[in-house]
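Okay, so here's the structure we're looking at.
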Amino acid sequence: MPRKTPTELVVDLRGRSFDSLDDFWDAVAGPLGLPEGFGRNTEALRDTLQVGGVSEVVDRHDVVSVHVDKRGVFTSRDRETRALRRAFAGPRSRLVAHVVLD
């Protein structure tokens, strides 16, 4: 029996600066198909990515990869940013922060 080729949703947000997590939520809501009532918090995102049943867009893919530049909130080590990174720490998702050379 042939093996299924995994499908990947790639959301490329490089070139954008996120000064707050609200900026990030605004940017990913559309590409990830997040519903209007989405909680805009890391626990809701983790459930969306790892458990499913929240976004039809995410659920149609085996893996979700979000690419960002390592600037703004993605250089922070505060609790909220660490929680965001952990939300992607599962077999179905990854957050890739690219180093930006100025």
Being open to solvent by 20 Å² or more (accessible area, probe 1.4 Å), in a helix (DSSP H, G or I) and of a type outside the set (S, T, N, Q) is the filter here, so list the residues in the stretch 46-62 that pass it.
R46, D47, V51, E56, V57, D59
Quick check on the stretch 63-83. Is at least one of its residues among the charged types (D, E, K, R), buried (at least 18 other Cβ atoms within 10 Å of the Cβ), in contact with a helix residue (DSSP H, G or I) (Cβ under 9 Å, 6 or more places away or on another chain) and outside any loop (DSSP other than H, G, I, E, B)?
no
The one condition in (1) surrounded by 14 or more Cβ atoms within 10 Å (Cβ to Cβ); (2) more than 26 Å from L101 (Cα to Cα); (3) at pLDDT 95 or above; (4) not basic (K, R) that V28 fails to fulfil
(2)
Just give me the residues in the stretch 10-32 being part of a loop (DSSP other than H, G, I, E, B) and in contact with a strand residue (DSSP E or B) (Cβ under 9 Å, 6 or more places away or on another chain), in sequence order.
L13, R14, G15, R16, S17, F18, P31, L32
For the structure I just gave you, tell me whether E43 is over 23 Å from D19 (Cα atoms), among the charged types (D, E, K, R) and exposed (fewer than 13 other Cβ atoms within 10 Å of the Cβ).
no
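The values are calculated or read from the model by the stated rules, or taken from the named source; none is laboratory data. Fair warning: this is a prediction, and the values are worked out from it, not measured in the lab. Note that we place each Cβ from the backbone using ideal geometry, even for glycine, and neighbour counts take in every protein chain shown. Accessible surface is based on the protein model in full, side chains and every heavy atom, while ligands, DNA and RNA are left aside. Shrake-Rupley method; radii C 1.70, N 1.55, O 1.52, S 1.80 Å.
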